[in-house]
Structure formats: C-alpha cells, structure tokens
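Asker: For reference, the structure I am asking about is given below.
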Amino acid sequence: MSEHCIIIGASHAAAQLASSLRQESWEGKISIVGDEPYMPYHRPPLSKAFFVGEKSEDELLIRAANFYEKNNIDLLLGCRVSRIDRDAKKVILQDDAEIAYTKLAITTGARVRKIPFTGSELAGVFYMRDLNDVKQTHKFTGTGKSAVIIGGGYIGLETAASLRKIGMSVTVIEAMSRVLQRVTAPEVSAFYTRVHTEEGVDIRTEAGVDAITGEQHVEGVRLSDGTTIPADLVIIGVGVIPNIEIAEAAGLTIDNGIAVDEFARTNDHDIVAAGDCTNHFNPIYQRKLRLESVQNATDQAKIAAKTVCGKLEAYNALPWFWSDQYDLKLQIAGLSQGFDEVIIRGDSENSRSFAAFYFCEGRFIAVDAVNRPKEFMTSKRALTTGQIVDPKKLADDTTDIKDAFTNQ
C-alpha cells in the first residue's frame with residue numbers, strides 16, 4: 001500500500017500538520033477527516049471579529065480552498081470517524097466506509113463543557129465553540145437587546161466586549177469570587193472588572209444560576225438569590241473537554257488528554273496527536289500539560305509532521321496566548337499556575353496598560369502584558385532562555401524593560 005496519512009479532526013492542528021507534511025517532503029496521500037462541513041478555520045475570531053460582523057466566513061479560513069487542491073490534500077468534511085482499527089490500520093467512518101492508513105494523526109481538539117441548566121434548551125441559548133454556534137447567534141443580537149453571559153473566563157469576557165461594541169446590554173455571571181480567577185492574579189481580575197464596568201458591562205461574581213427562563217425562547221436568567229436578569233441571548237462559557245473518546249476506544253493511553261511523548265507520538269508510534277486534545281511533558285516547566293491554545297496546536301503539529309516523516313525533533317515550546325477586548329491587547333507568555341508572587345509594572349488601577357509578572361519560589365514563570373508588546377516579547381525571550389530577573393527594575397516603569405533581564 002502507498003503511504004497515506006489520515007488526519008482526524010479539521011482543526012488548527014490539522015491544517016498545520018497537513019501543510020507541514022508537504023513541507024517535510026511527505027509524498028504520500030494526505031486526508032483530513034472533519035465532522036464539521038467547513039474547511040479548517042480560525043476559532044479565536046468567533047467571539048470577536050466574526051461575532052460582530054467584521055470578518056466574513058471566508059476570512060476565517062486558515063488556508064484557502066486552492067491550497068488543499070494545490071498540495072493534493074483530500075478534505076472529507078461533514079464526516080465523522082466512528083472508530084480506529086489499529087490492527088488493520090484503518091479508520092471506519094460513521095457510514096461504515098473504511099480508509100486505510102500507514103500513519104494516523106489525531107487532532108480532534110476539544111468541545112464545550114455543557115452544564116444542564118433548566119432552560120438551557122431554549123432558543124437563544126448558545127455555547128461559543130464552533131462556526132455554527134456563532135452563525136446562529138446573529139438573529140438574537142442587535143442594538144438595544146440584552147445578553148447574559150454565564151462564565152467570566154476569557155471567552156465570556158471577549159464575548160461581552162463584542163456585544164457591547166454592537167450596543168447590547170450585557171451581564172456577566174461568574175460563580176467564583178472574581179473573573180479569570182483560575183488563570184490570573186487578583187490584580188489582573190480587578191483590572192478587567194474595572195474596564196468592563198467602565199464599558200457598561202454588569203459583572204456579578206459569586207453568583208449561581210438557578211435556571212434559564214422563557215417559554216419557547218430565552219427571556220431571562222434566574223440567579224440563585226432569586227434575581228432574574230432579562231435576556232434576549234444567553235452565552236454559556238464554562239470551559240472545554242478534550243475529545244479523546246476515539247483515541248481511548250482504540251486503546252491509546254489517556255491522561256487528561258491523549259498522552260504523547262516529546263515527538264507527539266502516542267503509545268502506538270504509527271499514530272501521532274497534536275493540539276487541545278493532547279497531554280505532553282513540557283521541559284520548561286518540568287510537568288505534563290494539556291494546553292488549549294492556537295500556539296500549542298500549531299507548534300505541536302509541526303513536530304508531529306516531522307515525526308510522521310521520520311525526522312524526530314523534540315517539542316520544547318513556551319506556551320503563549322492572547323486575548324483581545326475593547327482596545328486591550330492582552331499577551332500572555334508562560335504559565336502562571338502555582339505563582340506565589342506578582343510584580344506589577346505600570347498602573348493597573350487607573351490606566352489601560354500594564355504588565356503582571358508571576359514568580360514561584362523566586363523563579364520567573366509567566367507574564368500578562370496588557371498593551372505592553374515590549375514587555376511581552378522581552379519576557380517571552382527570557383522565559384525561553386532562562387535569563388535572570390531583577391525584580392526592582394521590573395517594577396520600575398521608568399527603567400527599560402530589557403535592563404531587568406540578564407543572561408546567566
């Protein structure tokens with residue numbers, strides 16, 4: 001049989017993996033099997049530019065249609081893989097069609113975590129994960145209408161900013177004591193609460209949802225304290241779950257995601273995996289990570305493609321992320337979980353530009369930079385190379401940020 005690499009999941013990682021296979025001189029067949037009817041597309045704009053009509057559907061595409069044709073990459077869209085037969089080296093589709101592979105890549109991403117609120121089936125209630133979700137919300141948006149967002153994470157706050165931009169009344173409901181509590185320091189949470197409040201968003205923390213109310217379509221959200229907030233639209237954003245079922249059923253090792261080694265290989269070395277669905281060991285932080293980010297999906301997919309082509313190269317990338325809200329460009333380098341000290345550079349209480357530097361036992365581990373590209377880039381380089389940090393210079397906004405870092 002001629003070489004054939006099948007990629008399950010038409011995600012960011014899938015688009016990069018297919019492209020990288022050709023760049024790495026893979027001459028065999030490439031097939032991407034995706035359960036959505038769309039070519040691989042960018043997901044970050046779904047809660048931002050596409051949501052408010054600033055980007056078209058075509059502008060979301062990671063690669064134009066002719067890219068796949070030009071590179072002889074087959075797109076099997078609207079198809080779901082029902083199982084993997086590792087012994088026969090075949091994938092079986094939902095219609096029982098079988099496709100043989102020599103190499104297999106799993107890039108199935110993640111799906112939204114669903115909470116069975118009473119009334120969550122009403123028209124006008126959405127989870128913001130895929131293109132269909134957002135396309136259907138448009139009939140419920142518009143100037144003067146009201147939205148309730150359940151979940152004060154990045155998706156919830158980005159969506160709130162987008163809805164305010166088109167003149168909607170917005171309330172954010174967060175069960176924890178502050179927004180972004182799982183991922184940022186209190187100072188960063190306070191900053192985003194202030195900015196969103198200034199922009200007209202009603203943020204309610206330590207608030208539980210009792211039910212979503214309405215007859216056939218949503219009319220409001222009733223909180224645990226009995227308060228009902230009117231709503232024409234409800235967006236639920238309470239996290240995601242990795243899509244590991246197809247891998248688990250095939251006997252691949254699962255550990256908070258599909259377990260892969262430094263070369264993106266599963267325990268079956270003819271099967272690689274990349275993106276949100278995977279769990280890998282990160283040598284910079286010396287622990288296993290499952291990351292939900294475009295950066296990880298892209299960089300890990302490049303490594304997976306090399307592995308498929310027999311060019312083993314260890315994955316050793318610094319995680320980084322971003323979030324756009326209003327005029328704020330948040331750029332995050334590194335992982336702040338487990339921090340025990342935060343140094344703030346700039347005025348987070350009154351301005352719209354500052355950086356929060358995270359430390360654990362004296363070691364610099366991450367930065368949140370809001371409208372501070374220089375701090376982001378300098379910190380990213382320092383985290384990658386292991387430079388020494390001078391905390392006093394870091395906190396002094398009159399000192400050039402480069403002077404706060406020195407080589408070991």
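Asker: Roll a 1.4 angstrom probe over the protein heavy atoms and tell me the percent of accessible area of region 56-163 that is carbon or sulfur. Show your work: numbers first, answer last.
Answerer: On the way: 2340 of 5210 Å².
Roughly 45 percent of what the probe reaches on region 56-163 is carbon or sulfur.
Asker: Compute the distance in nm between two label points, each set 7 Å from the Cα along the Cα-to-Cβ direction, one at Ile284 and one at Asp58.
Answerer: Between Ile284 and Asp58, the simple spin-label model gives 3.7 nm.
Asker: I've got another one for you. About the Cα centre, and with charges only on the beta carbon of Lys, Arg (+1) and Asp, Glu (-1), how big is the dipole of the chain? Nearest 20 debye, please. Could the numbers behind the result be given before it?
Answerer: Numbers: 45 positive and 56 negative charges, 122 e Å.
Dipole magnitude for the chain comes out near 580 debye.
Asker: What residues have an amide H closer than 5 Å to that of Arg111, excluding those fewer than 5 places away on the same chain, when H is modeled at 1.01 Å from N in the peptide plane?
Answerer: Counting only residues 5 or more places away or on other chains, the set is Ile241, Asn243.
Asker: Round to a whole angstrom and tell me the spacing of the C-alpha centers of region 352-385 and region 201-217.
Answerer: 36
Asker: When the chain is treated as a GNM, springs tying every alpha-carbon pair under 10 Å, which of Met128, Met39, Met176 comes out with the largest mean-square fluctuation?
Answerer: Sorting by GNM fluctuation, first place goes to Met176.
Asker: Rounded to a whole number, what % of the accessible area of region 317-384 do carbon and sulfur atoms account for, probe 1.4 Å?
Answerer: On the way: 1400 of 2710 Å².
Here carbon and sulfur together make up 52 percent of the probe-accessible area.
Asker: Let me ask something additional. Each residue of region 181-198 in turn: what ³J(HN,Hα) in whole Hz from Karplus with 6.51, -1.76, 1.60 and θ = phi - 60°, glycine and Pro shown as x?
Answerer: In residue order, the calculated couplings are 4, 6, 10, 9, 6, x, 5, 6, 4, 4, 4, 5, 5, 4, 5, 5, 5, 4 Hz.
Asker: Using Cα-Cα distances under 8 Å and only pairs 6 or more residues apart, what relative contact order does region 316-408 have, in percent?
Answerer: Values: 178 pairs, mean separation 22.6, N = 93.
Averaging sequence separation for qualifying contacts and normalising by length gives 24 percent for region 316-408.
Asker: So for His217, His4, His42, what's the accessible-area order with a 1.4 Å probe, most first? Working shown, then result.
Answerer: On the way: His217 100, His4 15, His42 70 Å².
Heavy-atom accessible area, descending, gives His217, His42, His4.
Asker: Consider the candidate values (1) 1.04; (2) 1.11; (3) 0.99; state which one is Rg/Rh (Cα atoms, Kirkwood Rh) computed from the structure displayed.
Answerer: Entry (3).
Asker: Could you tell me the accessible area of Phe359 in Å² (1.4 Å probe, neighbours in place), rounded to the nearest ten?
Answerer: Only protein atoms counted, so the area is about 10 Å².
Asker: Hey, can you find the accessible area per residue of region 1-157 for me, probe 1.4 Å, expressed in square angstrom? Could you put the intermediate results ahead of the total?
Answerer: Numbers: 7110 Å² over 157 residues.
Accessible area per residue: 45 Å².
Asker: Simple spin-label model, 7 Å along Cα-to-Cβ: Gln337 to Ala395 in nm?
Answerer: Result: 2.8 nm between the two label points.
Asker: Heavy atoms of the protein only, probe of 1.4 Å, neighbouring chains included. What is the accessible area of Cys309 in Å², nearest 10?
Answerer: 40
Asker: Here is a further query. Between region 134-181 and region 66-118, how far is it from one alpha carbon centroid to the other, in angstrom?
Answerer: The two parts, judged by their Cα centres, are 32 Å apart.
Asker: While we're looking at this one, here's another question. How large is the accessible surface per residue of region 342-385, computed with a 1.4 Å probe and reported in Å² as a whole number? The partial results should precede the final answer.
Answerer: Working: 1770 Å² over 44 residues.
Dividing the accessible area of region 342-385 by its residue count gives 40 Å².
Asker: Let me spell out the model: positive unit charges on the Cβ of Lys and Arg, negative unit charges on the Cβ of Asp and Glu, origin at the Cα centre of region 166-288. What dipole size does that give, in debye rounded to 20?
Answerer: Details: 8 positive and 19 negative charges, 77 e Å.
Using only the charged Cβ atoms, the result is roughly 360 debye.
Asker: Okay, next question. Using a 1.4 angstrom probe on the protein heavy atoms only, could you order Arg372, Arg352 from most to least accessible area?
Answerer: Numbers: Arg372 30, Arg352 60 Å².
Putting Arg372, Arg352 in descending order of accessible area: Arg352, Arg372.
Asker: Suppose all protein chains stay in the model; what accessible area per residue would a 1.4 Å probe give for region 183-256, in Å²?
Answerer: On the way: 3320 Å² over 74 residues.
With the other protein chains kept in place, region 183-256 gives 45 Å² per residue.
Asker: So for the chain, averaging the separation of alpha carbon pairs under 8 Å that are six or more residues apart and normalising by length, what relative contact order in percent results? Each step should come with its number before you reach the end.
Answerer: Values: 912 pairs, mean separation 56.2, N = 408.
The value is 14 percent.
Asker: I would also like to ask the following. List the lysines whose Cα sits under 20 Å from the Cα of Lys374, skipping any in the same chain fewer than 8 residues away.
Answerer: Lys329, Lys392, Lys393, Lys402
The values are calculated or read from the model by the stated rules, or taken from the named source; none is laboratory data. The model shown is predicted, which means the values in this text are computed figures rather than measured ones. Here Cβ is always computed from backbone atoms with ideal geometry, including for glycine, and neighbour counts include all displayed protein chains. All accessible areas refer to the heavy atoms of the entire protein, side chains included, with ligands and DNA or RNA removed. Shrake-Rupley method; radii C 1.70, N 1.55, O 1.52, S 1.80 Å.
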